[in-house]
Amino acid sequence: MADAEGPRFAKRTRTDNGPQPAVRTLLPSPERLALRKTPDRQNLWEKGEQELPEPPEPTIAAPSDNDTDFQYIKELDPAYRTKKPLYRGVNPHFQYSQAGPQPALPLPPHRPFPAGPFPVAPIHPDMLKSNLSLAQETEINRIRASVSAHTVIALVPHGAGKAINANAAEIARDCQDFLRSLVFEANDNKPYKVLVHPPGVRNKPGANSNLPFGKPWTFIIQVPENALPLHDFILWQRIFAVSKTVSFTAYDFNGTLNLSWILFPITGNVIESDASHRDVLEQKLTLINAIRGEVEMNTVYRSYAAKLAYANLKHTGDLAGTLKTLAGGFHLERTEAEDAKGNLVPAYLFMARPPTASPHKYNDWRSFFLLSSPNQKHFSLSAHLQTFDVAAPSLTVWCELCKSHLHCTARCPLPTVEGCWLGITPRDLGVRTVMLNLPCYEGPPGAVTCSIIQKFRTTLVETKLAEQAATGGGSPGKPRGGGRLMGKVNAGNGSRTQRPKRG
């Protein structure tokens, strides 16, 4: 092969007189020469890391040089100070309000509301319309497809679906009055004629429904064609907390499709609520390595993940490099999960960055992380003699207030932000913010309330009753006069049994 300065012999052509050299007299173009360079092996995630801003420095100093002397502090976790794909700036679950350049602000005076910024839970655009009437959904889709797409905004009130639906007219009226009180200089210091429509509920709950917390009950903000200043401000501020009826988060019906990074919660007795900072970091590393080892043992996962990485990330590395890139998006978020009794237990949320934007392919990719048969999603995971419960069906991580899947309602951070929060709080939803039923492991007889002791007491009573039934002294169902436990408190309902009259 000749260089760029001389003729190029491409190949030999075969003729009747034998092989003859074919000479190309044109010189290669600079563009063609550039293509012969070593290809750029960076994938799209790695290129995206270079464009991210530097992660902010922690604003909290470590209480001690020894990280075993203090409990886990999220801001000091190295996972939040790296530009890997798990960086919070890329994760849709860690987005904040007031993103982007600041638009024109409403002129004072107006009703006060905390400025923020606030964490904003992602809601899929289709989910915003999932419980609207068919007529409303059709009209919204028509407007979105027209030049007036900016005139409709989704309003998701803070709180429970059933209670919101019962007071929909009042909420819509109060929110409309508040938005009409915001004036802008671009409108000659006059308010815009905003309309707030309550949802036409598609699936109405019954009068005796036991499901008061339904889907996001989306109200509809309709602004005039010329109300771009108000439109831009609402979608920049996002969260408003003016009163108990004017407490909501605004969403763009034309928002981008964000697939969830959250795959499942992980709990277990080995996850302690008062664990030290070092113990949490080591436990997170143990879990990440265990999950990665399980899924990467699956040959079907390796093949499917490599195809997704090549097609969507333009990843040109070998299989080991591809799996390493995808594992760089694994992350464990420390949180608390709520069990069936309403108690909070320490947990981790396993998160992974999807290598696809297709919902169908996302579901296929997500299924590999269940590590079990499709019909049994709950399983145990063992690592270094530690056993963890994965995707337990009785545990949920869901906030009824802000619709986040990162924390439970009792731990919602919105009412604790700086400023005057006048909106809905967990107490307004009847949620305990302080757990009072904690186990007690010491004290006088009868004061110990841990589950092991209570189970032992119940077993002891049942054994005594069974012995009485076997010896004719009484039965668990009908105690007789010879039983020792007559007049004592029954196990289970706390009532006293009456001594039967002697015949």
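The values are calculated or read from the model by the stated rules, or taken from the named source; none is laboratory data. From a predicted model like this one, the values you see are computed outputs, not experimental measurements. A quick note on method: Cβ atoms are made from the backbone with ideal geometry, for glycine too, and the neighbour counts reach across all protein chains shown. Heads up: the accessible areas ignore ligands, DNA and RNA and are worked out on the full protein's heavy atoms, side chains in. Shrake-Rupley method; radii C 1.70, N 1.55, O 1.52, S 1.80 Å.
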Restrict the check to region 49-71 and report whether at least one residue is crowded, with 16+ Cβ neighbours inside 10 Å, hydroxyl-bearing (Ser, Thr, Tyr) and at pLDDT 80 or above.
-> no
Sort out which residues of region 170-196 are surrounded by 19 or more Cβ atoms within 10 Å (Cβ to Cβ) and without any contact (Cβ under 8 Å) to a residue 24 or more places away in the chain, and write them in order of number.
-> Gln176
Per the filter on region 391-421, residues open to solvent by 60 Å² or more (accessible area, probe 1.4 Å) and either part of a helix (DSSP H, G or I) or in contact with a Leu (Cβ under 7 Å, 6 or more places away or on another chain) (or both) are Arg411, Thr416
Residue among Thr325, Thr316 that is at pLDDT below 90 and in contact with a helix residue (DSSP H, G or I) (Cβ under 8 Å, 6 or more places away or on another chain) = Thr316
Determine if region 111-134 includes at least one residue that is in a helix (DSSP H, G or I), open to solvent by 10 Å² or more (accessible area, probe 1.4 Å) and modelled with pLDDT of 85 or more.
-> yes
Quick one: in region 292-302, which of the residues that are without any contact (Cβ under 8 Å) to a residue 24 or more places away in the chain and open to solvent by 60 Å² or more (accessible area, probe 1.4 Å) is farthest from Ala352 (Cα to Cα)?
-> Thr299
Conditions (1) at positive phi; (2) crowded, with 19+ Cβ neighbours inside 10 Å; number of the one not met by Ala337 | (1)
Taking first residues from region 148-169 that are at positive phi and second residues anywhere that are open to solvent by less than 10 Å² (accessible area, probe 1.4 Å), the pairs with Cβ under 8 Å that are 6 or more apart or on different chains are Gly159/Ser247; Gly159/Leu401
Residue count for region 60-76, restricted to those that are farther than 16 Å from Val280 by Cα and in contact with a helix residue (DSSP H, G or I) (Cβ under 7 Å, 6 or more places away or on another chain) = 1
Residue within region 267-284 that is in contact (Cβ under 8 Å) with a residue 24 or more places away in the chain, open to solvent by 30 Å² or more (accessible area, probe 1.4 Å), in contact with a helix residue (DSSP H, G or I) (Cβ under 7 Å, 6 or more places away or on another chain) and among the hydroxyl-bearing types (Ser, Thr, Tyr) present = no
Across region 213-270, what is the total count of residues that are assigned to a loop (DSSP other than H, G, I, E, B) and among the aromatic types (Phe, Trp, Tyr)?
-> 4
Residue count for region 72-94, restricted to those that are assigned to a loop (DSSP other than H, G, I, E, B) and open to solvent by less than 70 Å² (accessible area, probe 1.4 Å) | 12
Which ones in region 304-343 are aliphatic (A, V, I, L, M) and over 17 Å from the mean Cα position of the chain (by Cα)?
-> Ala305, Ala306, Leu308, Ala309, Ala311, Leu313, Leu319, Ala320, Leu323, Leu326, Ala327, Ala340
Which residue out of Ala154, Ala104 is outside any helix (DSSP H, G or I), at pLDDT 90 or above and open to solvent by less than 10 Å² (accessible area, probe 1.4 Å)?
-> Ala154
Residue check, Gly159 against (1) touching a helix residue (DSSP H, G or I) at 6+ places or on another chain (Cβ under 7 Å); (2) under 17 Å from Asp232 (Cβ atoms); (3) not in a helix (DSSP H, G or I), all met but one. Which one?
-> (2)
So which residues in region 236-259 are open to solvent by less than 40 Å² (accessible area, probe 1.4 Å) and within 14 Å of Gln95 (Cα to Cα)?
-> Trp236, Gln237, Ile239, Thr249, Ala250, Tyr251, Gly255, Leu259
Can you confirm whether region 274-282 contains a residue that is modelled with pLDDT under 95 and either part of a loop (DSSP other than H, G, I, E, B) or touching a Cys at 6+ places or on another chain (Cβ under 8 Å) (or both)?
-> yes
